[in-house]
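Q: Have a look at this one before I ask anything.
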Amino acid sequence: MEVNIDPVFFTLGPLQVRWYGLMYVIGFVWATFIGKKLVEEGFFPVKKRDVDTLITYSMIGIFLGARIAYVFIYNWPYYSANPTEIFSIWKGGLSYHGAFMGLFFALLLFAKRFKLSVLTVWDAGVIMGALSVFFGRIGNFINGELWGRVSDVPWAMIFPTGGTSPRHPSQLYEAVLEGLLPFLILWFMRKRVTISGILASWYPILYGSGRFFAEFFREPDAQMGYYLGFLTMGQILSLLMILLGIGVRIYATRRDLVLQTSSTPLRVSMSGVKSSG
């Protein structure tokens with residue numbers, strides 16, 4: 001099966017609207033919808049208009065984080081020799097792990113500005129943003145990029161820039177494992193978890209696990225190759241995400257225990273106490 005989809009959705013004069021850019025727009029629109037839904041449910045203690053502000057913060061954080069991480073982690077030799085290319089975002093080169101860290105700090109700044117619990121904002125933010133990965137990976141598939149390793153499975157596909165050998169459609173694997181599944185799990189858990197920060201901790205664990213597994217089917221970046229003979233950079237960064245999630249979970253659980261302990265009324269035993277009156 002050969003994949004050869006025109007990456008341009010439509011052209012209007014000199015303006016080209018690409019599928020990949022459209023997927024980002026859909027992702028942010030979806031995140032806005034889910035954010036306002038969480039406000040209606042009382043899960044996210046802000047006004048609906050504040051969700052629009054959060055989306056603005058998130059967009060800036062995501063694009064800055066994604067670009068900075070790609071430049072410095074994935075292709076620094078090239079960009080150090082061609083520094084002006086760092087700003088050529090339209091040529092591609094974004095890292096999801098960097099986007100996650102950018103979102104992480106954007107949510108932190110939003111929480112500080114609106115004087116909200118950081119963990120509460122992170123909980124809402126991961127639910128809002130989880131499915132955006134699904135749309136992004138569909139965009140990668142349409143672009144015919146980030147294809148998988150050579151394979152003879154019946155559903156293997158030939159991509160325009162992937163040579164003549166059929167490959168795993170790893171973008172579709174990632175769309176499900178990194179986007180759809182984490183969103184469904186977090187959406188299901190949102191009314192069942194009572195400790196702030198638990199959902200925020202689950203997201204990097206879910207994404208990191210899905211990405212780590214999917215990387216076994218994805219062709220590693222040509223300029224990166226393998227580490228220790230079998231690990232990709234994506235897998236190494238995913239392991240760090242999993243560790244981050246575990247750390248946030250431990251912190252959130254201990255914080256909740258401290259809050260419960262501090263709110264427990266002090267009981268004073270009166271046995272054996274004599275009146276001095």
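The values are calculated or read from the model by the stated rules, or taken from the named source; none is laboratory data. Nothing here was measured: the structure is a model prediction, and the numbers come from that model. As a convention, Cβ positions derive from the backbone with ideal geometry for all residues, glycine included, and neighbour counts pool all protein chains shown.
Q: List the helices (runs of 4 or more DSSP H) inside the stretch 1-120, counting only whole elements, that have at least 3 residues being under 27 Å from Leu206 (Cβ atoms) and not hydroxyl-bearing (Ser, Thr, Tyr).
A: Working: elements: 19-41, 48-69, 76-81, 96-113.
Counting at least 3 such residues, we get 19-41, 48-69, 96-113.
Q: Counting only residues that are surrounded by 17 or more Cβ atoms within 10 Å (Cβ to Cβ), within 30 Å of Glu41 (Cβ to Cβ) and of a type in the set (Lys, Arg), how many does the stretch 191-224 have?
A: Residues flagged as surrounded by 17 or more Cβ atoms within 10 Å (Cβ to Cβ), within 30 Å of Glu41 (Cβ to Cβ) and of a type in the set (Lys, Arg) within the stretch 191-224 amount to 1.
Q: Residues in the stretch 23-37: is at least one within 30 Å of Leu119 (Cα to Cα) and among the charged types (D, E, K, R)?
A: If we filter the stretch 23-37 for residues that are within 30 Å of Leu119 (Cα to Cα), which is where we start, we get 23-37.
Then keep just the ones that are among the charged types (D, E, K, R); that gives 36-37.
Yes: one or more hits.
Q: Under 8 Å between Cβ atoms, which residue pairs at least 6 apart in sequence (or on different chains) link something in the stretch 11-25 that is surrounded by 13 or more Cβ atoms within 10 Å (Cβ to Cβ) with a partner that is among the aromatic types (Phe, Trp, Tyr) and assigned to a helix (DSSP H, G or I)?
A: Pairs found: Met23/Phe135; Tyr24/Phe135.
Q: Show the residue pairs that are 6+ apart or on different chains and have beta-carbon atoms under 8 Å apart, the first residue being within the stretch 193-222 and assigned to a loop (DSSP other than H, G, I, E, B), the second being modelled with pLDDT of 95 or more and among the basic types (Lys, Arg).
A: From residues that are assigned to a loop (DSSP other than H, G, I, E, B), the pairs are Gly197/Arg249; Phe217/Arg149; Glu219/Arg149; Glu219/Arg167.
Q: Then there is this: Please verify whether Val126 is over 20 Å from Ser201 (Cα atoms) and part of a helix (DSSP H, G or I), treating the condition exactly as stated.
A: Numbers: over 20 Å from Ser201 (Cα atoms): no; part of a helix (DSSP H, G or I): yes.
Considered against the rule, which asks whether it is over 20 Å from Ser201 (Cα atoms) and part of a helix (DSSP H, G or I), Val126 comes out as no.
Q: Every residue in the stretch 59-106 that is farther than 25 Å from Gln235 by Cβ, modelled with pLDDT of 90 or more and in contact with a Phe, Trp or Tyr (Cβ under 8 Å, 6 or more places away or on another chain), please.
A: Once the filter is applied, which keeps residues that are farther than 25 Å from Gln235 by Cβ, modelled with pLDDT of 90 or more and in contact with a Phe, Trp or Tyr (Cβ under 8 Å, 6 or more places away or on another chain), the stretch 59-106 yields Met59, Ala106.
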